[in-house]
Amino acid sequence: MANNFCAKCGNPIEANQNFCANCGAQVGTFQSNLGEQTQTDQSQVNQNNGQSQSNFDEPNNFVQQQFNQGYQNQYDNLYSQATSDPDFMNFIGKNQYYYAEQFTKIKLTNSKVTWNWPAFLFNVLWFAYRKMYGYAAAVFGAIVLLSLTGIGSFLSFGVSLAAGIFGNSIYMKKYEEEMAISKTMSPEMKKMYLYKKGGTNIGAVIGIIVIQVIFFIILFTVLFAAIFTGSFNQEIIY
């Protein structure tokens, strides 16, 4: 009884036959060739699909490249404007190129989030150094009040972290405010005003350090006196 048919001519093939009795084709050869062709065709289909996917992605890649190029052009333009502006350079003073880079990023991304290591590490001193005395006083007061609580160290770290994250945007806001005030001034008065309001103040840093040292000396003296007095009174009672 025939178990199969010749793949070439369709003649019935017995189970023990190696060749077709009608056309002489070897049993299994045609099927093998057909399988190989099917595998080849599938590989070609996969390759074509990959090529199609690549072609599909090309417009997206092009758009991304155009966006990146546009962003870079805007960045270069704003950065160049800042570094070539004498008012900006006069106000910033030291580290002009660093702040030109940070202000440019803030404007392009419309985000106040950047990072400033000196603001994070020295917070109060950094604000005073950059003549933002109101912020320096606020941060100092917050740290002092938080240090009196049981979890003051964690909250103080949060204040430092906020200073590091938003320090550059706060400084940019100060710059824009002072520029708006000086807009109607004569060139000479504007230069003097920006120099006075901007730049750095190492004297303020020294002053803040002295105030902090005096404050903590007084604080520890009061605490020590309270502890000593309490212990002394307790000894008298007993």
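Figures for the structure shown
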item: Lone unmet requirement of (1) modelled with pLDDT of 90 or more; (2) surrounded by fewer than 10 Cβ atoms within 10 Å (Cβ to Cβ) for Met192; result: (2)
item: Residues of region 96-153 that turn out to be within 26 Å of the chain's Cα centre (by Cα), within 27 Å of Phe215 (Cα to Cα) and among the β-branched types (Val, Ile, Thr), as a count; result: 2
item: Test: residue in region 216-228 that is modelled with pLDDT of 80 or more, closer than 23 Å to Leu121 by Cα and under 33 Å from the mean Cα position of the chain (by Cα); result: no
item: Glu188 being in the same structural domain as Tyr97 (by TED's automatic domain parsing) and touching a Lys or Arg at 6+ places or on another chain (Cβ under 9 Å); result: no
item: Enumeration of residues in region 195-208 that are surrounded by fewer than 18 Cβ atoms within 10 Å (Cβ to Cβ) and either within 17 Å of Ala82 (Cβ to Cβ) or in contact with a strand residue (DSSP E or B) (Cβ under 8 Å, 6 or more places away or on another chain) (or both); result: Gly199
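To keep it simple, each residue is scored yes or no on (1) over 22 Å from Ser147 (Cα atoms); (2) of a type in the set (D, E, K, R).
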| site | (1), (2) |
| --- | --- |
| Ser169 | yes, no |
| Lys174 | yes, yes |
| Glu178 | yes, yes |
| Pro187 | yes, no |
| Lys191 | yes, yes |
| Tyr195 | yes, no |
| Ala204 | yes, no |
| Val213 | no, no |
| Phe224 | no, no |
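Here is a yes/no grid of residues against (1) within 30 Å of Leu155 (Cα to Cα); (2) at pLDDT 95 or above; (3) outside any helix (DSSP H, G or I):
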site: Gly70; (1), (2), (3): no, no, no
site: Gln74; (1), (2), (3): no, no, no
site: Leu78; (1), (2), (3): no, no, no
site: Phe91; (1), (2), (3): no, yes, no
site: Lys94; (1), (2), (3): no, no, yes
site: Thr114; (1), (2), (3): yes, yes, yes
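The values are calculated or read from the model by the stated rules, or taken from the named source; none is laboratory data. All values reported here derive from a predicted model rather than from experimental measurement. FYI the Cβ positions are ideal-geometry reconstructions off the backbone, even for glycines, and counts take in every protein chain you see.
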